[in-house]
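The values are calculated or read from the model by the stated rules, or taken from the named source; none is laboratory data. What you see is a predicted model, and the numbers here were worked out from it, not measured in a lab. Neighbour counts are summed over all protein chains in view; Cβ atoms, including those assigned to glycine, are modelled from backbone coordinates with ideal geometry. Just so you know, the surface numbers come from the protein's heavy atoms only, side chains and all, with ligands and any DNA or RNA stripped out. Shrake-Rupley method; radii C 1.70, N 1.55, O 1.52, S 1.80 Å.
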Amino acid sequence: MIDKLFSLLQKPALWQRSGELFWDDEHISKGMLEAHLNPDWDAASRNHSYIDRSVKWLESIIPKGSKILDLGCGPGLYAMRLSNAGYDVTGIDYSGRSIAYAKEHDTKSKYIYQNYLEMNYNEEFDAITLIYCDYAALIPDERKTLLSKVYRALKPNGLFIFDVFTEQTLKDRCDRTYWSYNENGGFWSDKPHLCLEAEYYYENNTVKVNKTVVVTGNDVREYLIWDSVFTKDTLLNEVTPYGLKMHSIYDDVCGSKYTGKADTLCLVLKKV
Ligand SMILES: C[S@@+](CC[C@H](N)C(=O)[O-])C[C@H]1O[C@@H](n2cnc3c(N)ncnc32)[C@H](O)[C@@H]1O
């Protein structure tokens with residue numbers, strides 16, 4: 001046990017994946033759904049008045065009646081609003097709990113329980129959205145897969161709209177570790193558990209991993225959640241080889257004017 005713990009507490013290799021379920025874990029997905037649905041939190045989803053503003057902005061750039069694919073749709077907070085605004089919406093998510101909630105509460109949209117890296121559409125959508133900086137949670141090979149699948153799924157002139165965190169969020173970045181004992185269970189497990197958490201940084205602080213080791217009785221689980229930051233240039237260099245060209249750029253997914261000084265940036269790419 002102590003050897004396993006010791007090896008789990010090491011700084012992981014860049015882009016290592018742990019294999020543990022996170023979004024689709026039976027217990028963790030309960031807490032996540034609660035976070036999505038809390039109208040005031042900026043946790044699994046942004047707060048709901050932000051989402052209202054974001055959807056209004058999306059309505060201003062996507063023609064009414066368009067076919068939209070929402071990747072990582074969660075419990076359908078965007079999809080439902082977009083369907084109600086007159087779009088033909090499909091949402092994909094690999095949290096079974098979120099998809100079940102979405103299907104129950106929104107019968108207008110189509111919801112699919114799937115890893116979006118495994119989707120196979122061909123020129124079906126006028127617009128594809130990936131909202132709340134999920135692009136940056138993917139590792140580079142997954143981003144390449146996503147970009148080719150998005151390109152193929154879009155109709156000619158279709159739009160890909162997504163946001164990422166910027167280097168403005170780099171302030172105060174340094175490796176750190178902390179632990180907690182959760183006697184009555186908590187976010188990571190419903191059983192009493194020890195949580196060993198660490199934040200590690202790579203590549204001049206532009207890549208971060210949140211590592212959590214959860215010890216419950218004899219069970220030890222490791223979760224690795226990656227996050228990258230981008231500038232307009234690093235992002236455009238990465239996406240343009242896939243046939244997606246810049247259509248417009250904003251500070252956020254509410255369409256705020258681009259300054260390059262915000263915590264996020266939102267790119268609208270067009271399939272050419
Ligand atoms: C940060 S949440 C954002 C949810 C939603 N876009 C919103 O802003 O309300 C990320 C969502 O993406 C989903 N997700 C992450 N990676 C995924 C993948 N590879 N395939 C499908 N869904 C994924 C998670 O289950 C989760 O619901």
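Data table
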quantity	calculated
Matching residues in region 247-262 - criterion: being out of contact with any Leu (no Cβ under 7 Å at 6 or more places or on another chain) and either surrounded by fewer than 16 Cβ atoms within 10 Å (Cβ to Cβ) or closer than 14 Å to Gly158 by Cβ (or both)	Ser248, Ser256, Lys257, Thr259, Gly260, Lys261
Ser66 being more than 16 Å from the chain's Cα centre (by Cα), open to solvent by 60 Å² or more (accessible area, probe 1.4 Å) and of a type in the set (Gly, Ala, Ser)	no
Filter result (open to solvent by less than 10 Å² (accessible area, probe 1.4 Å) and either basic (Lys, Arg) or part of a strand (DSSP E or B) (or both)) within region 231-246	Leu244
Lone qualifier among Asn115, Asn120 - being farther than 16 Å from Ser29 by Cβ and among the polar types (S, T, N, Q)	Asn120
For Thr129: the one exception among (1) out of contact with any Cys (no Cβ under 9 Å at 6 or more places or on another chain); (2) within 29 Å of Leu267 (Cβ to Cβ); (3) open to solvent by less than 10 Å² (accessible area, probe 1.4 Å)	(1)
Subset of region 200-224 [of a type in the set (Ser, Thr, Tyr) and either free of Cβ contacts under 8 Å to residues at least 40 places away in the same chain or out of contact with any Phe, Trp or Tyr (no Cβ under 6 Å at 6 or more places or on another chain) (or both)]	Tyr200, Tyr201, Tyr202, Thr206, Thr212, Thr216
Residue that is most open to solvent (accessible area, probe 1.4 Å) [pool: residues in region 88-101 that are near the ligand (Cβ under 10 Å from one of its atoms) and in contact with an Asp or Glu (Cβ under 8 Å, 6 or more places away or on another chain)]	Tyr94
Among (1) more than 12 Å from the ligand (Cβ to nearest atom); (2) within 16 Å of the chain's Cα centre (by Cα), the one test that Ser180 misses	(2)
Qualifying position, being within 23 Å of Trp23 (Cα to Cα), within 12 Å of the ligand (Cβ to nearest atom) and either open to solvent by 50 Å² or more (accessible area, probe 1.4 Å) or modelled with pLDDT under 95 (or both), among Glu118, Glu142	Glu118
Scope region 103-115; condition away from the ligand (no atom under 14 Å from the Cβ) and touching a Ser or Thr at 6+ places or on another chain (Cβ under 6 Å); matching residues	Lys108, Lys110
Residue in region 2-14 that is open to solvent by less than 80 Å² (accessible area, probe 1.4 Å) and closer than 26 Å to Val150 by Cα present	yes
Condition broken by Ser83, with the remaining ones in (1) at pLDDT 95 or above; (2) open to solvent by 20 Å² or more (accessible area, probe 1.4 Å); (3) more than 12 Å from the ligand (Cβ to nearest atom); (4) closer than 20 Å to Tyr113 by Cα satisfied	(2)
Residue identified as of a type outside the set (Ser, Thr, Tyr) and surrounded by fewer than 16 Cβ atoms within 10 Å (Cβ to Cβ) among Lys149, Lys191, Lys208	Lys191
